[in-house]
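These notes concern the structure reproduced below.
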Amino acid sequence: MKKTLLTAAIMTTATLAIAEDALEFSAVDADSNGLISMEEAAVNEALLDSFSALDLDVDGNLTEDEFAAFTVASAE
């Protein structure tokens, strides 16, 4: 239960921190561990939909380099 509440709080905070048109790695990385989990990616539907394709090393997280591919593709 505590984990669920913590996840909800992190997701809410991350959602509020993300500007509508600008998605920044640090805003999505709600726990500031240097990786974006699938749960953190859920704050943006397009990012979540692209998550598997972006996760090049298939470790279940996006690094800043993997995330950069999403921001470049989104800007086009």
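Within the assembled protein chains, the solvent-accessible surface assigned to E39 is about 110 Å², based on a 1.4 Å probe.
Residue separation times 0.36 nm, minus the C-alpha to C-alpha distance between D59 and V72: what's the value?
2.5 nm
By a 1.4 Å probe calculation restricted to protein chains, S50 has an accessible surface near 40 Å², given to the nearest 10.
The values are calculated or read from the model by the stated rules, or taken from the named source; none is laboratory data. Note that this is a predicted model, so its numbers are computed, not measured. Ligands, DNA and RNA are excluded from the accessible area calculation, which covers all protein heavy atoms including side chains. Shrake-Rupley method; radii C 1.70, N 1.55, O 1.52, S 1.80 Å.
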